[in-house]
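Here's the structure, in structure tokens; my notes come after.
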Amino acid sequence: MRGADAVNDKFGVGFNQHFEARWHRAEIAGRLLLTPVARAMFGLLGRGSYVNNRHASAHGVLAVDLEPIARHGTATTNTAHLHVLPDGDEVRLLVSQSMVEPLGFQHATPLPAHAVVTDQGSWLYWQVPPGQSEVLIQLVLKPGAVGPVPGRLSDGTRALDGSVLVLP
């Protein structure tokens, strides 16, 4: 090794420019490869860029922007997109009982005109202004359980199934 001084005739101590250049390239490559992994981890531990998933029914009449990963005791928001029927002046949404209890359903925005609680879950009803073709509803949940929680949202004709992983 050029420029290295031997210590006790065994080890070379010094600077190896070729090794340092290769090490620097390996470091840069490692950072580039780990950047997407780090972004996913930040999404896993909070509201990151990979957290929102959109689930939609076959014809897109019912869709939901779901946060598949939530934290225990931390509020999370899911947005439901309901298309209004041409002759309809009201939309409804069923939030299944399997979501209401473990995910701690807090409230919906806008506030529903009325709600009905059944064995299936909570039916929420909204009046639709004339000429409006879609209603956006934000469901605020505050999970009180840890682990995977299955759930279902339905407009009465179509249903979307999904699950939320609640982390401690």
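Does residue 147 satisfy being among the small types (Gly, Ala, Ser) and either under 16 Å from the mean Cα position of the chain (by Cα) or not assigned by TED's automatic domain parsing to the domain that holds residue 62 (or both)? Yes. Of the residues screened, residue 55 is one that is at pLDDT below 85, surrounded by 13 or more Cβ atoms within 10 Å (Cβ to Cβ), not in a loop (DSSP other than H, G, I, E, B) and not hydrophobic (A, V, I, L, M, F, W, C). Filtered by the rule that a residue be surrounded by fewer than 19 Cβ atoms within 10 Å (Cβ to Cβ) and β-branched (Val, Ile, Thr), the stretch 72-83 gives 74, 77, 79. The number of residues in the stretch 98-148 that are free of Cβ contacts under 8 Å to residues at least 12 places away in the same chain and over 20 Å from residue 159 (Cα atoms) comes to 4. Scanning the stretch 135-158 for residues that are at pLDDT 85 or above and within 30 Å of residue 85 (Cα to Cα) yields a total of 11.
Per-residue answers, yes or no, for (1) under 12 Å from residue 142 (Cα atoms); (2) at pLDDT 80 or above:
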| position | (1), (2) |
| --- | --- |
| 59 | no, no |
| 62 | no, yes |
| 83 | no, yes |
| 88 | no, no |
| 92 | no, yes |
| 103 | yes, yes |
| 119 | no, yes |
| 122 | no, yes |
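Within the stretch 80-118, the set of residues being among the charged types (D, E, K, R) and within 22 Å of residue 144 (Cβ to Cβ) comprises just one member, 101. A single member of 103, 139 is assigned by TED's automatic domain parsing to the domain that holds residue 65, buried (at least 18 other Cβ atoms within 10 Å of the Cβ) and out of contact with any Pro (no Cβ under 9 Å at 6 or more places or on another chain), and it is 139. The one condition from (1) among the polar types (S, T, N, Q); (2) in contact (Cβ under 8 Å) with a residue 60 or more places away in the chain; (3) loosely packed, with under 12 Cβ neighbours inside 10 Å that residue 154 does not meet is (3).
The values are calculated or read from the model by the stated rules, or taken from the named source; none is laboratory data. Nothing here was measured: the structure is a model prediction, and the numbers come from that model. We place every Cβ from the backbone using ideal geometry, glycine too, and count neighbours over all the protein chains shown.
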